[in-house]
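Some notes on the structure that comes next.
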Amino acid sequence: MKTGDAGINLIKSFEGLRLQAYKPVATEKYYTIGYGHYGADVKPDMVISNAYAEALLRLDLDKSERAVNSYERNWNQNQFDALVSFTFNCGVANLKRLVTNRTNAQIANAIVKYNKAGGKVLKGLVRRRKAEQELFLKG
């Protein structure tokens, strides 16, 4: 499967668009740019276009999509999109923890528990996980 409009819009709404490289937290190893693109390829003074930000998002989504697709479940589009958003934000290892040996109902209940960074509950993560949960529960 590929991410649908609901998933892309969810990710964009929480990541926001930043055309200049930044560090959301000073202790981050790498810079972030575009719609949450993070890595060694992002340099401190880097500036990109809207089109390049979209291209980076599509590349980044591919990794998350492959991870979600690796679980041979019959996700509906909304469930898939919610899990791609979750994976985009939390990573492949946390996706594995979230879905392994859980039913869809258990996944929906557990997704909201991934709301901490550095051991602290963050309001933005609470809102994002709730939005992912709501999308996951849509038929």
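The values are calculated or read from the model by the stated rules, or taken from the named source; none is laboratory data. This one's a predicted model, so the numbers in the text were calculated from it and none came from an experiment. Glycine also receives a Cβ, built like all others from the backbone with ideal geometry; neighbour counts cover every protein chain displayed. Just so you know, the surface numbers come from the protein's heavy atoms only, side chains and all, with ligands and any DNA or RNA stripped out. Shrake-Rupley method; radii C 1.70, N 1.55, O 1.52, S 1.80 Å.
Roughly how compact is segment 1-66, stated as its Cα Rg over 2.2 N^0.38 Å to two decimals?
On the way: Rg = 11.9 Å, N = 66, 2.2 N^0.38 = 10.8 Å.
Expressed relative to 2.2 N^0.38 Å, the Cα Rg reads 1.10.
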Cα-projected label distance for MET46 with LYS120, points at 7 Å along beta-carbon direction, nm: 2.7
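If the chain between TYR71 and THR103 were fully stretched, how many nm would it gain, using 0.36 nm times the residue separation less the Cα-Cα distance? Don't skip to the end; give the middle numbers.
Values: separation 32, 0.36 × 32 = 11.52 nm, distance 1.24 nm.
Stretched fully, the TYR71-THR103 segment lengthens by 10.3 nm.
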Over the chain, with neighbouring protein chains present, the accessible area per residue in Å² at probe 1.4 Å is 57
Within 10 Å of each candidate Cβ there may be at most 16 other Cβ atoms; applying that plus a DSSP loop requirement, which chymotrypsin sites (Phe, Trp or Tyr not before Pro) in segment 38-119 survive? TYR71
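If R₀ is 25 angstrom, what is the calculated FRET efficiency for the pair ASN94 and LEU59, using the beta carbon separation as r and rounding to 0.05?
0.80
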Among LEU57, LEU125, LEU19, what's the order by accessible area (1.4 angstrom probe), most exposed first? LEU19, LEU125, LEU57
Taking +1 at the Cβ of each Lys and Arg and -1 at the Cβ of each Asp and Glu, which of SER70, HIS37, ALA131 sits farthest along the dipole of the chain towards its positive end, judged by Cα position relative to the Cα centre? ALA131
Estimated [θ] at 222 nm from DSSP helical runs (n ≥ 4, -39500 (n - 2.57)) normalised by residues in the chain, nearest 500: -17000 deg cm²/dmol
Filtered GluC sites (Glu not before Pro), segment 40-139: DSSP coil and at most 11 other beta carbons within 10 Å: GLU72
Could you pull the Cα extents of segment 29-97 along its three principal axes, largest to smallest, in whole Å? 42, 25, 14
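Give me the percent of Cα-Cα pairs in segment 76-139 that sit more than 18 Å apart, rounded to a whole number. Could the numbers behind the result be given before it?
On the way: 534 of 2016 pairs.
So the pairs more than 18 Å apart make up 26 percent of the total in segment 76-139.
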Can you pull the percent of segment 3-49's accessible area that's carbon plus sulfur, 1.4 Å probe, other chains left in place? 52
Can you give the translational diffusion coefficient of the chain in µm²/s, computed by Stokes-Einstein from the Kirkwood radius over Cα pairs at 20 °C and 1.002 mPa s? 139
Provide the FRET efficiency to the nearest 0.05 for the ASP5-TYR30 pair, computing r from the beta carbons and using R0 = 25 Å. 0.30
